[in-house]
1. Taking 0.36 nm per residue of separation and subtracting the Cα-Cα distance, what length does fully extending ASN12 through LEU115 add?
2. Going by a ≥ b ≥ c, the root eigenvalues of the Cα gyration tensor, does segment 2-88 fall in the rounded group (a/c under 1.5), the prolate group (a/b larger than b/c) or the oblate group?
3. Please list 3J(HN,Hα) in residue order for segment 102-108, calculated via the Karplus relation 6.51 cos²θ - 1.76 cosθ + 1.60 where θ = phi - 60°; whole Hz, with x for glycine and proline.
4. Suppose the chain between ARG50 and THR78 were pulled fully straight at 0.36 nm per residue; how much longer would it get relative to their current alpha carbon spacing?
5. Can you give the alpha-carbon Rg of segment 18-146 over 2.2 N^0.38 Å, where N counts its residues?
6. Quickly work out the ASP95-to-ARG62 label distance, labels modelled 7 Å from Cα along the C-beta direction, and quote it in nm with one decimal.
7. How would segment 56-131 be classified by its alpha-carbon gyration tensor: rounded, prolate or oblate, with rounded meaning a/c under 1.5 and the a/b versus b/c comparison settling the rest?
8. Can you count the Lys pairs in segment 18-146 whose Cα atoms are under 30 Å apart, with each pair 8 or more apart or on different chains?
Amino acid sequence: MSTAHKNLPKLNEECENLSELDALLEQRLWMRHRAEIAGFFATVRTAAERRYRLLKADSLERERALEAQLQSQKAANTDLTEANQRLSAVIETKDAEVKALSAVRLSLATSNASLKSEIKALKAHLAQATTAEDHMRVVKQALGELGATATSAPGALAAPGVKAGAKTTKPAGG
């Protein structure tokens with residue numbers, strides 16, 4: 001046998017060892033790449049989780065701030081609604097007072113006009129009277145007419161010291 005034939009089994013064994021070594025190296029290389037890839041994805045995942053937590057915390061903080069702002073606006077709206085209702089009540093009261101005062105003013109204007117015409121008529125009667133007795137008759141007549149219109153307030157037109165409806169034979173003070 002030649003030396004080449006003698007070395008053939010040894011070469012076959014070395015080839016098998018090289019094949020195993022190549023497979024082992026390939027396996028280790030793949031494991032190293034796999035570890036690097038896993039490390040990269042772990043880093044990315046950690047960064048993403050951290051970013052998610054920060055965004056979630058920021059979102060919760062914004063939500064709380066918006067909720068507080070909403071509650072504040074609701075309270076302000078409630079206060080404004082109550083103030084508006086109070087103002088409406090005051091306006092209604094003032095409107096009623098203005099209407100009542102207008103009615104009183106109209107009534108006073110009517111009474112004033114009536115009194116002016118009665119005073120004018122009395123002055124006309126007095127101007128026609130020539131004696132004191134005529135004056136007293138005109139005054140008594142005018143008082144009688146005024147007394148007839150003032151029956152709702154007895155004593156309103158009575159002379160001082162004289163009860164309403166009392167009969168007198170001579171003028172007061174005389």
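Nothing in this text is a laboratory measurement; each read-out follows from the coordinates by a stated rule. As the structure is a prediction and not an experimental result, all values here were calculated from the model. Neighbour counts are summed over all protein chains in view; Cβ atoms, including those assigned to glycine, are modelled from backbone coordinates with ideal geometry.
1. 22.1 nm
2. Prolate is the answer for segment 2-88, as a/c is 1.5 or above and a/b outweighs b/c.
3. 5, 5, 5, 4, 4, 5, 5
4. Numbers: separation 28, 0.36 × 28 = 10.08 nm, distance 4.17 nm.
Once the chain is fully extended between ARG50 and THR78, it gains 5.9 nm.
5. Working: Rg = 51.1 Å, N = 129, 2.2 N^0.38 = 13.9 Å.
Ratio of Rg to 2.2 N^0.38 Å for segment 18-146: 3.66.
6. 4.7 nm
7. Values: a/c = 14.85, a/b = 11.09, b/c = 1.34.
Here segment 56-131 falls in the prolate category.
8. 6
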